[in-house]
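Readers should treat all values here as calculations from the given coordinates under stated rules, not as data from a laboratory. Since this is a predicted model, take the numbers as computed values, not measurements. So basically every Cβ, Gly included, is an ideal-geometry build from the backbone, and we count neighbours across all protein chains shown.
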Amino acid sequence: MDQAEQLRIIKASNQTRPLARVITVTSGKGGVGKSNTSINLAVQFRKLGKRVIILDADFGLANIEIMFGAVPKFNLCDLIYQGKNIKDIITWGPMDVGFISGGSGIAGMANLSRDYLNYIIKNLVQLDAIADIIIVDTGAGISDAVLEFLVASGEILLVTTPEPTSITDSYSLLKALYRHPRFRSSDTKVKMLANRVEKAAEGQNLFNKLNAVVTRYLKIPMTYLGCVPQDPQLVNAVMQQMPVSIQHPAAKSSLAYEKIALRLLDKEEAERQPKRGMAAFFSHMISKM
């Protein structure tokens, strides 16, 4: 099924609701705080009155449900292969942040019939009525699955730490994205968040170094969102399986996440973001598999 056919299916669903904003959170390597970023930004968005759903696309690792201390009854595979409704596979965590466990069956969607894809996409359209913001938490590294999510996304949040391996792997991820045959820098906004920094200047310097290399060799424009400091209260919250933004709302990491969420929701910033909605996001992926 080609992309034009996918778009016809979306149009046939008679969607008249506003589209959700889809933010894809990624990193060049594991262990840099990517999933913590997804969860705490979701909580901060909720505090600001936004309805949020996280898609845990880190297949096989289930980081979101562990950090939320909640076990989903169904996952995306149950929607794709077992005929479940989209509302059946959403698990509601603290502060009514919804999350969907991705399972491991997206790769097989390319082989489904038109009628089945029609059913799936019509369900995904419903997410635009349920959520204002959908955060896609990808796996770490440069796998084909991660790149497919990034190519389909119009807004990428890259989490990087001051560790030399994190910086190198972040560049490698962006280089792989740049070389992807369907990547168009004009259609994608890449934003960097510096995590686990000792002071704000360290985060800005980290961005400057990475951005200089990316600008010179990859010609991918990046913007700097801000930084999250090293914080023992965040570590404590993780051990309690609770987002630090809920467990310790006055912690320095919580305040940093709040500042980043506010920047992402800034009116001028938000208006620059094209809203594709979740159905179009997945249609882009499926049509190219």
Those trypsin sites (Lys or Arg not before Pro) in segment 126-210 that DSSP places in a loop and that have at most 10 other beta carbons within 10 Å: R184
Cβ-based net charge around I66, under 13 Å, with every Lys or Arg adding one and every Asp or Glu removing one: -4
Karplus-derived 3J(HN,Hα), 6.51/-1.76/1.60, for each residue of segment 183-191, Hz, glycine and proline x: 6, 10, 4, 5, 9, 10, 9, 9, 10
Amide hydrogen neighbours beyond the local backbone of R21, cut-off 5 Å, H modeled: I133, I134
Above-threshold pairs, the threshold being 31 Å between Cα atoms, out of K219/K252; K29/K73; K84/K219; K47/K219; K122/K259; K84/K252: K219/K252; K84/K219; K47/K219; K122/K259; K84/K252
Residues with amide H under 5 Å from that of N195, placed H, sequence gap 5 or more: T160, T161, V228
Cut-off under 5 Å, modelled amide H: who pairs with E155 long-range: T24, K189
Cβ crowding within 10 Å averaged over residues, with 218-227, 151-160 ranked highest first: 151-160, 218-227
